[in-house]
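The values are calculated or read from the model by the stated rules, or taken from the named source; none is laboratory data. None of these values were measured; they are calculated from a predicted model. Reconstructed Cβ throughout: ideal geometry from the backbone, glycine too, with neighbour counts over all protein chains shown. What goes into the accessible areas is simple: the full protein's heavy atoms, side chains included, and nothing from ligands, DNA or RNA. Shrake-Rupley method; radii C 1.70, N 1.55, O 1.52, S 1.80 Å.
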Amino acid sequence: MDSITFTSDTVLSDVHIYTPNCSHLMVRLNGDGQPVFVSKFKILPNSTAHSKGDVGHLSNEETRDDDLIHQIGGGGATVSGKDEPRSDTLLDADGDLDVTRRSDGNLHSDEDDEWREKVYPTIISKGEDFFNEEQEEDCSEIRIEHTMGTALEDVGKQVWRGAFLLADYILNYSHLFKDHTVLELGAGTGMTSIVMATVAKTIYCTDVGEDLLNMCERNVIANKHIYGTTGSEIKVRDLDWLKDEFCTDTKNPYCWSEEETAQLHDQTDVLFAADVFYEDDLTDAFFQTIYRVLSHLRNPSTVYLSVEKRLNFTLRKLDVTCDAYDHFRLCLDELGNMNDGRTSFVVEPVKLAFPQFLVYERVEQLELWKIIVEPHTAMKRLL
Ligand SMILES: C[S@@+](CC[C@H](N)C(=O)[O-])C[C@H]1O[C@@H](n2cnc3c(N)ncnc32)[C@H](O)[C@@H]1O
C-alpha cells in the first residue's frame, strides 16, 4: 500500500492529518479489515504546558479555581454566539463565499515549532504487535492504537480534538475528579478515559461495537504505565444510546454486572463525552441516555461535553452552517430549561483559558460545556 486513499464518504480526523509517508505492503488489519496505526501523544510537564492566546502560564494555585477561569477570559467558547462573525460578512459583493486561506506560516509558526511535536502515526505491519514490543516506558507518553479515514459509523476508531480538550481540562483541574467514580460515553479509542484514570478512581469507559471496544480495551491495557500506579481502574463497557437498558448479556465481553450498575448509580458523580455530536438522531439519543443515567444517580453530578463546530457551506442553504452543532445547542437549551420537578440542570460554557498539556490545535471551533445536575430546590427541602 503506497498511500491511503480516502473516498468521498470517508472521514479523517485532523489529529491524523500528518499521514505517514511510507509504504508497507502488509499492514495489520483489525477485525473489520481496516489498517491499524499507533500514535504517541505526549503529556507535557506542567512547566512546559503551553497556553495559546495571551493568558500565559497559570500557576498551580491559579489553575485550581473554576470561577477564576471565567474571570481570566481569553480565547475559547463563545457563550451566546454573539461574538461570532455573521455568515453574511463571509460573502463578497456578488454573494460568493469569501474564504480566507490560512498561510502555511500561520499553520506552523516558529513559535509553534518550538513546542510542537507533530504526530506521525506508525503503521503496524502484519505480524507486528506494537504494544508487546520491548520499549522504554515513558510515563508521559500515551500510545493509542487507531485507524484512519473511516466511514462515519467507525469514527470512534480515530482520535478527535475534543478528546484532547477534555483531557486537558482533566489535567488542569485534577482536584475535581480525584478519587471519583466517573462515566465516559462514546469513548472511542479510550484516550480521555486513560487521562482521567491518572486522577479518578473508577472509570466506566463506554461505547458500542465489539471491534471498537476491543481496540479501546487494548489501549486501556497498553497505557497502564500512565495510570497504573494510581490504583485506578478503567472498565470498558458497552453503552449504546439507542438502547434503553445497559447490556447484561454475558455473551458480550463488555456487558455490565449487577454490582457494576449498582456502583455506577451509587458512586458516579461525573459524566463526560468528547466530540459525540455529529448526527442529530444520535445527539437526541445521547441526551436521552444521560438524562436516564442521571436520574438514577444517588449524588449530585456534573457533565462535561466537548464539541467541535464543523462549519460547512451547503448548497441547500447557500450558507455556512453547522447543523449538527445547532442541534446540540438546542438539546442543551432544552435540558437547561427542563423542569421535571426533581432535578435542575444548569448549563454553562467553560472558558478555554487553561494551558495545554497535550499537543493539538485548540482551534476556536472547539468548545467545552458543563452541566451541573442537582436536586430541584423543592426536592432539596424534602431531603
Ligand atoms: C467522533 S467519535 C469520538 C470518539 C472519542 N470520544 C474522541 O473524541 O476521540 C464519536 C463516538 O460516539 C460513539 N457513538 C456513536 N453512536 C453511539 C451509540 N449509539 N452509542 C454509544 N456510542 C456511540 C462512536 O462509536 C464514537 O466512539
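For the range 218-249, the set of residues classified as part of a helix (DSSP H, G or I), within 17 Å of the chain's Cα centre (by Cα) and not aliphatic (A, V, I, L, M) consists of Asn219 only.
His265 falls short on exactly one of the conditions (1) at pLDDT 95 or above; (2) closer than 30 Å to Leu12 by Cβ; (3) open to solvent by 20 Å² or more (accessible area, probe 1.4 Å), and that condition is (2).
Annotation: of all residues in the range 149-186 being open to solvent by less than 10 Å² (accessible area, probe 1.4 Å) and in a loop (DSSP other than H, G, I, E, B), the one that is farthest from Ala285 (Cα to Cα) is Tyr173. Within the set Val363, Val320, the sole residue that is more than 16 Å from the ligand (Cβ to nearest atom), touching a residue at least 40 places away in the same chain (Cβ under 8 Å) and not hydroxyl-bearing (Ser, Thr, Tyr) turns out to be Val320.
The single condition from (1) closer than 23 Å to Asp284 by Cα; (2) within 10 Å of the ligand (Cβ to nearest atom) that Glu245 fails is (2). Residues of the range 137-148 that are open to solvent by less than 30 Å² (accessible area, probe 1.4 Å) and acidic (Asp, Glu): Glu145 alone. For the range 293-314, the condition of being among the acidic types (Asp, Glu), within 15 Å of the ligand (Cβ to nearest atom) and out of contact with any strand residue (DSSP E or B) (no Cβ under 6 Å at 6 or more places or on another chain) holds for none of the residues.
Determine if the range 331-347 includes at least one residue that is at pLDDT 95 or above, out of contact with any strand residue (DSSP E or B) (no Cβ under 9 Å at 6 or more places or on another chain) and open to solvent by 20 Å² or more (accessible area, probe 1.4 Å). Checked against the condition, which is being at pLDDT 95 or above, out of contact with any strand residue (DSSP E or B) (no Cβ under 9 Å at 6 or more places or on another chain) and open to solvent by 20 Å² or more (accessible area, probe 1.4 Å), the range 331-347 yields at least one hit.
Check Asp284, Asp238 and return the single one that is within 25 Å of Phe345 (Cβ to Cβ) and within 13 Å of the ligand (Cβ to nearest atom). Steps first, answer last, please.
On the way: Asp238 fails: within 25 Å of Phe345 (Cβ to Cβ).
Answer to the check: Asp284.
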